[in-house]
Each structure stands twice: as C-alpha cells, then as structure tokens.
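Below is one structure; the comments refer to it alone.
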Amino acid sequence: MSNTCEKAYITTPIYYVNDIAHIGHAYTTIIADTLARYSRMMGMETFFLTGTDEHGQKIEEAAKSRNKSTQAYADEISATFKTLWDDFDISYDKFIRTTDADHMKGVQKAFTDMHAKGDIYKDTYKGHYCISCETFFPAIQLVDDEFCPECGKSTTVVEEESYFFRLSNYQDKLLQYYEDNPDFILPRSKRNEVIRFVEGGLTDLSITRTSFDWGVKLPKEFNDPKHVMYVWLDALMNYLTALGYGTDDANIEQWPARIQLIGKDILRFHAIYWPAFLMSLDLPLPKHIAAHGWWTRDGEKMSKSKGNVVNPREVADAYGLDNFRYFMLREVPFGGDGDFSQKALIDRINSDLGNDLGNLMNRVIGMSGKYFDGKIDSANVAKYYQSELDEVHASLNKLEPLLFEMQIHRYLEELWRPLTVANKAIDMYQPWTLMKEGKEEEAMALNGLIAAILAKVSIMLEPVMPAVCAKISKALGFEINNDTWTRMAKGTDLLEPFTLEKIDPLFPRIEEPLLEQMEPIDKKESSKKSEKKSDKNEDKKEDKNEAEGIALIGIDQFFQTSLKVGTVVQAEEVPKSKKLLLLQVDVGEDEPRQVVAGIKEWYSAEDMLNTQVCVVANLKPAKLMGYKSEGMLLAAKDEDGLCMVRPEKPKTAGTNIG
Ligand code: MSP
C-alpha cells in the first residue's frame, strides 16, 4: 500500500481564451499530467489543476472582433480547451475558469485582505500598456518609443486612477526567499534571471483598471465600481480559489502547491508577483515554480500569420497520443527550447519506441511462444541473471528524483537503460542456443528476466505513456498501481508466473510523414531559397561559400547550438583506447556532464584537469567505447596538431557562448 502521505498539488497556467490550444499549451499540460499520474501512483494525495483565464481587454477585444458577447465567446473557447484535455485523457481534478463565481469571490477576498494589511493604496497611473501581454512597460523598455519589448506589438499610453500593490515592500523578502530556497525556481538557470530582475528594483504594481470592465469588480466596501482587477492578480489567484479560498476552503489544506508549471514567458509573474501576493496574504509559497522553454516548428517561431502553429490534436490523431507525449518530454531538456518537426517525432517513434521498447516486447512474445507456450516463470531469474537485475534496479532507483527535479528527459533516458540491458542479455545469452544445449531452465529464466524488465519499465513509463503501458502490463498479466509500483519498480520483486498474451506490435514503423499539410514549411523554405536570388552580390557570396563547402545558416540556426563554458572537474583515460579521454565537465548544471573526447594524442588527463573548455551542450548523447558522452568540446586541428578552444579569461561554468 501507499508508502507516503505527502500531498502533491500540481498546476498548469490557466490558458487565455483568445485562441485555441496549440502545442505549447499541450506541452505544459502533459508535463503536469505526468507528474500528477506519478504522484498518484506513489500514493500521494494529489490534486491537479488546470483551466482558463477569461478576463481582460484582450479577451473583450477578441470577442468583439467576432461579434460575440464576451461571456459567450469565453464559454466557447474555454470548452474547446476542456474538451481537448478530456480527449487527451488529462487527469485533472479541477478545471477552473476565472469567470466562475467562487473564483471571483476569492479574488475579492484577497484584495480586501491585502488592503487590510496595508499593501494596497490608490493613486494615478500613467504608462505604456501592451494589451496583448496585459502588462505596463516603463518608457525606457519600449522599442522605438512605442512597441512592446515582449511581443513587439504597439502599446497605448494609459493614464488612469488605479489601486497599487506595494510590491516594492517585498523586494528584500523575495531576495531572501530565493536565497533560502535555491530550488524554488526550476531550472536553476532561470533563477538567476529572476534575482537580477528583482535586484534591479521593484516598483509598486498597478492592480486595477478603469479603461474596460470585463473583469472582477472590487469588493463592495470599496465603493469604487469603475475599477476591475488587473488580470494577473485575478489569474494568479486561481491557484488558491480552486481549493476553495475565500468561499468554502474545501481543499485549502492542499496548499502550498508542490509544482507550478509555467512557460518561461510568464516566469516574472509567477516568481515575483505571485510570491509577493502570497507573502502579503501570510500564506506559504509553492515549493517549485518550474519554467519550461518555447516550442518552435521546423526551426521557426509559430504564429497564426505564418500558419505554422502546431495543432496538438492533429499530431496526436496522426501519430498516437502516447507517442506524442513521449516525444515532447524526451526531446527537450526541461527549460530549453524545443523544435517540433515530423522528422524528429518519427525518429523518436521508430528508434526509441519501436526499436528499443516495442521490439523487446515482440522478442519476449516470440521466445516464450516458441519454447514455452507463452508461459513465463521468474523462479530462477536471480540464479542466472543477478548482475543484470542489479543493473536494472540501480537505474530504476535513480529515476524519481529526476522527475521531481524536472529533469524529465533524463528520467526517460535513464529509464531506457534497463531496455538496453534486456536487449543485450538476449543477444549475449541467446535463448535459441540455450534451448539447443538443453538449458531450458536458463532459457526460461531469461524470458522471466526480459518480462520483468518490461514490467518494471512499463510501471515507471506509465505516467508518460498511460495507454501503451496499460497494454504492456495487461499482456504481462499484471496491473500498474501503487502496489506493483512499490514491489516491482521501487522494490526488487519479479512477475508472478503467468501466460503471456500476444499483442499487436506497439509501434509500427513509420516511413513517411503522416501529415501532408504540415510539410509545406520545408518545401516553402527550399522554394524561397531559389526565388530569393535577386541580389547579385548576395548570390556571389553564397556561391563562394558553397564552393568552399560552407553552407550558410541564419542566426536562428546558429543559436540552436547551445555552447557553454565548462570546467573539467575530473579526467581519466578511457581504458584500452588510444584516442579517448573520459572527462566530467561542470557546465553549471546540478551534476557535471560526462564527455568522451578524442584528444588523448595531444592532451593527457592531467593536462585537462581543472581547465576550462567550450562545450556543445545540446548534442544528442552518444556512446563511445561503451561510455556515454553528453557533449562535445570545441577544438581546432591543423597539420601541427590539435588545440582546445578555451575562454580567454576564467568564466563561471555554464556561461553561454554566443
Ligand atoms: N493566461 C496566462 C497565464 C496565467 S497563469 C496564472 C497565459 N496564458 S497563455 O495561454 O498565453 O499561455 C499559457 C502557457 O502556454 C504559458 O505557460 C506559455 O508559456 C505557454 N506557451 C505559449 N506558447 C508557447 C510555445 N510556443 N511553446 C511553449 N509554450 C508556450 O500566459
């Protein structure tokens, strides 16, 4: 039974109803769903919240442009989000809308309480307002004195009476909090950005508007009917009102949240305003604010005008929902930006899922069917394959912290190790040879080992790929739940004797992109290139570069490469290799990266130790002589030999190069 009673309140941002859901929304929601599912499996009291953000000028204008009443429009779009999450089997416990009466009451209560605390006062505000971002910007931050520094749209000058929140009072308290709680903002690299911003000075925040009225009114006692609440105060409060704050307090003991997922663009609101509001209300702060990166499509920013927005429903329908979930979580290190392309998705499905996982399932079905009528008995697994079991259990034991530290791509990477152990064991021990030699007991134990590995992996993979893992576990004769998680994934139990059920291949190979209409982007790119050659000089330059074998790339493509300063904290030789050194390189992350570098002919391990290097930090990991390499070092080589490229002066490990 449950071995923990900790609570897990997990939230997504609430989505604006000015447009329908795209891949970015799906990404946040799927990560949150994965965490919620894992928390439930481990027996935590879990509450998973999502919903829609429906007030503000932006929504009012979107409704007007479609000739609809604001409420009817908000109802319609909110329903499209809810239906999508239902169709995606998102395991939310509550779907909140900021137009819910209880929510609005809760926001009013917060306003009253902050006012009573002395944190709210009335004054006049003059500033440049971006409706799209629902944010004021000081003149100094505007682009060309007019345009929003965040989205580039035109801002309007607004002068109005406003209530203010004394954000400036919280500057020191926030800085102290970030210092005392280094994991409050994840990933840690984002934390520094926030600290720098707060250190730059916080000004009080205008928290009401009089220029429109689609919002929560001030509490009656203020007798100030022309004011409505600033959307971000309204919206952030959803995390509390969803638990009954200000009305019935039904679930309020779920607070503080364990993880609040957001995109990097709304970090400032969640890591500065939100904790300040909570401090003002004398409430505890969430454990983690976790900010993910931005998705692009085929290397380009998505936008409606370009017509290249990835529709998550379309992708999931074509490629399978679980495959899409796996792709998004595996493809991008949390916090980094990710690029969606059908090619990348197909590669993940054919390779990780098809070759490593699906094929293993096929192999065990084939072997047990051929030799044992589908029967599998684990009785002698430990007798013959203890070292494989140890390796598998060591990997499984590393997983949970990776998930809750938001290193989900590493979680999945580590979860694939047991599959490698299983595939290797089949190749090495060869059940067909064992059978030929009359070693039936050993062959049966090998099947037991493979089945057990598949069972253990499917338990830990279930939060990411629930439907696929339900199929695997059914075939393997067990159910994924808190009990099997405790015994087989956390513990070392194997499967009870059972008869393997044959199932269809889990990941049929995909040869071609399945969505035709998604392809034109690439084609457009190549036709654009041929059209473009009007400028003769440009042509010449391009020709010269091409002749020299240099393909021209845009600055965006360059920035897809993450280059970082690293410090070599450990260095040794790769045994039996003439060329390779095995280095542990600190690139400013929680743990050093392991890099296998082909530099031994020019540098000894000692030469490299404690020196600084330039690391390509977003290369897909590769294996060299059996060692995983998680990066590449920059070096220059000519006929005189090779030398490392290094920063001219010492720089903090992890500093970006570019
Ligand atoms: N309503 C606010 C959030 C209020 S939370 C109290 C909002 N809504 S949003 O609909 O514009 O964005 C919701 C989330 O989607 C944000 O976390 C944002 O980062 C994310 N994304 C929007 N576009 C995205 C990509 N292209 N890629 C990844 N995520 C992106 O902000």
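Exactly one condition in (1) without any contact (Cβ under 8 Å) to a residue 60 or more places away in the chain; (2) assigned to a helix (DSSP H, G or I) is not met by V158; state its number.
Only one criterion is unmet by V158, namely (2).
Please go through the range 66-85 and pick out each residue that is surrounded by 19 or more Cβ atoms within 10 Å (Cβ to Cβ), under 11 Å from V17 (Cα atoms) and of a type outside the set (S, T, N, Q).
Restricting attention to the range 66-85, the residues satisfying the condition of being surrounded by 19 or more Cβ atoms within 10 Å (Cβ to Cβ) are 70, 73-74, 77-78, 81, 84-85.
The next check asks that each one be under 11 Å from V17 (Cα atoms); those that pass are 70, 73-74, 77-78, 81.
The answer is Y73, A74, I77, F81.
Does D123 qualify as being among the acidic types (D, E) and either in contact with a His (Cβ under 9 Å, 6 or more places away or on another chain) or surrounded by fewer than 16 Cβ atoms within 10 Å (Cβ to Cβ) (or both)? Show your work before the answer.
Details: among the acidic types (D, E): yes; either in contact with a His (Cβ under 9 Å, 6 or more places away or on another chain) or surrounded by fewer than 16 Cβ atoms within 10 Å (Cβ to Cβ) (or both): yes.
In short, yes.
Regarding the range 217-227, can at least one residue be identified that is within 16 Å of the ligand (Cβ to nearest atom), modelled with pLDDT of 95 or more and of a type in the set (A, V, I, L, M)? Before you say what the answer is, go through the steps one by one.
First, pick out the residues of the range 217-227 that are within 16 Å of the ligand (Cβ to nearest atom): none.
Within the range 217-227, none of the residues are within 16 Å of the ligand (Cβ to nearest atom), modelled with pLDDT of 95 or more and of a type in the set (A, V, I, L, M).
If I filter the range 362-382 for residues that are under 31 Å from the mean Cα position of the chain (by Cα) and not aromatic (F, W, Y), do I get at least one hit? Don't jump to the end; show me each part of the working.
From the range 362-382, those under 31 Å from the mean Cα position of the chain (by Cα) are 362; that's our starting set.
If we keep only those that are not aromatic (F, W, Y) too, we end up with 362.
Yes, that holds for at least one residue.
Would you point out the residue of the range 2-16, among those that are more than 7 Å from the ligand (Cβ to nearest atom) and modelled with pLDDT of 95 or more, that is nearest to R66 (Cα to Cα)? Before you say what the answer is, go through the steps one by one.
Taking the range 2-16 as the starting set, the residues that turn out to be more than 7 Å from the ligand (Cβ to nearest atom) are 2-12.
Narrowing further to those that are modelled with pLDDT of 95 or more: 8-12.
Working: A8: 40, Y9: 37, I10: 34, T11: 31, T12: 28 Å.
So the residue we want is T12.
For I77, state whether it is within 12 Å of the ligand (Cβ to nearest atom) and over 30 Å from C469 (Cα atoms). Step through it out loud before you land on a result.
Details: within 12 Å of the ligand (Cβ to nearest atom): yes; over 30 Å from C469 (Cα atoms): yes.
Spelling it out, I77 is indeed within 12 Å of the ligand (Cβ to nearest atom) and over 30 Å from C469 (Cα atoms).
Please list, ordered by first then second residue, the pairs with beta carbon atoms under 9 Å, 6 or more apart or interchain, first in the range 638-656 and on the phi > 0 side of the Ramachandran plot, second in a loop (DSSP other than H, G, I, E, B) and of a type outside the set (F, W, Y).
Close Cβ pairs satisfying both conditions: G641/E601; G654/V587; G654/G588; G654/E589; G654/A617.
Matching residues to (1) among the aliphatic types (A, V, I, L, M); (2) touching a residue at least 60 places away in the same chain (Cβ under 8 Å):
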site: K82; (1), (2): no, no
site: I90; (1), (2): yes, yes
site: I96; (1), (2): yes, yes
site: D102; (1), (2): no, yes
site: F111; (1), (2): no, yes
site: K117; (1), (2): no, yes
site: Y125; (1), (2): no, yes
site: F137; (1), (2): no, no
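Could you go through the range 406-418 and let me know if any residue there is hydrophobic (A, V, I, L, M, F, W, C) and in contact with a His (Cβ under 9 Å, 6 or more places away or on another chain).
yes
Give the number of residues within the range 79-95 that are in a helix (DSSP H, G or I) and closer than 20 Å to Y9 by Cα.
Of the residues in the range 79-95, the ones in a helix (DSSP H, G or I) are 79-87.
Keeping just the survivors that are closer than 20 Å to Y9 by Cα gives 82, 85-86.
Qualifying residue count for the region: 3.
Return yes or no: is G335 crowded, with 17+ Cβ neighbours inside 10 Å and either closer than 23 Å to F558 by Cα or more than 12 Å from the ligand (Cβ to nearest atom) (or both)?
Numbers: crowded, with 17+ Cβ neighbours inside 10 Å: yes; either closer than 23 Å to F558 by Cα or more than 12 Å from the ligand (Cβ to nearest atom) (or both): yes.
Yes: the conditions hold for G335.
Is it the case, given these coordinates, that T492 is closer than 30 Å to P333 by Cβ and either modelled with pLDDT of 50 or more or touching a strand residue (DSSP E or B) at 6+ places or on another chain (Cβ under 6 Å) (or both)?
no
Of the residues in the range 585-612, how many are touching a Lys or Arg at 6+ places or on another chain (Cβ under 7 Å), under 17 Å from K628 (Cβ atoms) and not in a loop (DSSP other than H, G, I, E, B)?
Adding up the residues that qualify gives 2.
With respect to M406, determine if the residue is within 30 Å of A257 (Cα to Cα) and in contact with a Gly (Cβ under 8 Å, 6 or more places away or on another chain).
Numbers: within 30 Å of A257 (Cα to Cα): yes; in contact with a Gly (Cβ under 8 Å, 6 or more places away or on another chain): yes.
The answer is yes for M406.
If you take the residues in the range 256-303 that are of a type in the set (D, E, K, R), surrounded by fewer than 19 Cβ atoms within 10 Å (Cβ to Cβ) and within 12 Å of the ligand (Cβ to nearest atom), which one is nearest to T28 (Cα to Cα)? If you could, list the steps in order and put the result at the bottom.
To start, the set of residues in the range 256-303 that are of a type in the set (D, E, K, R) comprises 258, 264-265, 268, 282, 287, 297-298, 300-301.
After this cut, where a residue has to be surrounded by fewer than 19 Cβ atoms within 10 Å (Cβ to Cβ) as well, the list is 264-265, 268, 282, 287, 300-301.
Next cut, within 12 Å of the ligand (Cβ to nearest atom) only: 264-265, 268, 300-301.
Details: K264: 11, D265: 13, R268: 17, E300: 20, K301: 18 Å.
By that ranking, first place goes to K264.
Given the conditions (1) modelled with pLDDT of 75 or more; (2) part of a helix (DSSP H, G or I); (3) not small (G, A, S), which single one is not true for L506?
With (1) modelled with pLDDT of 75 or more; (2) part of a helix (DSSP H, G or I); (3) not small (G, A, S) applied to L506, the lone miss is (2).
Consider H25 carefully, then state whether it is within 15 Å of the ligand (Cβ to nearest atom), in a helix (DSSP H, G or I) and in contact (Cβ under 8 Å) with a residue 40 or more places away in the chain. Steps first, please.
Working: within 15 Å of the ligand (Cβ to nearest atom): yes; in a helix (DSSP H, G or I): yes; in contact (Cβ under 8 Å) with a residue 40 or more places away in the chain: yes.
Spelling it out, H25 is indeed within 15 Å of the ligand (Cβ to nearest atom), in a helix (DSSP H, G or I) and in contact (Cβ under 8 Å) with a residue 40 or more places away in the chain.
Go through the range 310-328 and report how many residues are crowded, with 18+ Cβ neighbours inside 10 Å and either β-branched (V, I, T) or within 13 Å of the ligand (Cβ to nearest atom) (or both).
The number of residues fulfilling the criteria is 4.
Taking interchain pairs and intrachain pairs at least six residues apart, which have beta carbon atoms under 6 angstrom, with the first residue in the range 250-277 and over 19 Å from F47 (Cα atoms) and the second within 11 Å of the ligand (Cβ to nearest atom) and in a helix (DSSP H, G or I)?
F269/W232; W274/L236
Can you find, within the range 165-177, the residue that is nearest to S211 (Cα to Cα) among those that are crowded, with 19+ Cβ neighbours inside 10 Å and hydrophobic (A, V, I, L, M, F, W, C)? Spell out how you get there, then give the answer.
Narrowing the range 165-177 to residues crowded, with 19+ Cβ neighbours inside 10 Å: 165, 167, 170, 174.
Next cut, hydrophobic (A, V, I, L, M, F, W, C) only: 165, 167, 174.
Numbers: F165: 18, L167: 22, L174: 31 Å.
Checking each candidate, the answer is F165.
Of M460, M435, which residue is in a helix (DSSP H, G or I) and surrounded by fewer than 24 Cβ atoms within 10 Å (Cβ to Cβ)? Quick ask: steps written out before the conclusion?
Numbers: M460 fails: surrounded by fewer than 24 Cβ atoms within 10 Å (Cβ to Cβ).
Result: M435 is the single residue among M460, M435 that is in a helix (DSSP H, G or I) and surrounded by fewer than 24 Cβ atoms within 10 Å (Cβ to Cβ).
Counting only residues that are more than 8 Å from the ligand (Cβ to nearest atom), under 29 Å from E134 (Cβ atoms) and either acidic (D, E) or surrounded by fewer than 22 Cβ atoms within 10 Å (Cβ to Cβ) (or both), how many does the range 31-58 have?
Number satisfying all stated conditions: 4.
From the list G244, G293, which one is over 28 Å from E179 (Cβ atoms) and touching a Gly at 6+ places or on another chain (Cβ under 9 Å)? Talk me through it step by step, then tell me what you get.
Working: G293 fails: over 28 Å from E179 (Cβ atoms).
It is G244.
The values are calculated or read from the model by the stated rules, or taken from the named source; none is laboratory data. Everything quoted here is computed from the prediction, not taken from an experiment. Don't worry about glycine lacking a Cβ; one is built from the backbone with ideal geometry, like all the others, and counts go over all protein chains shown.
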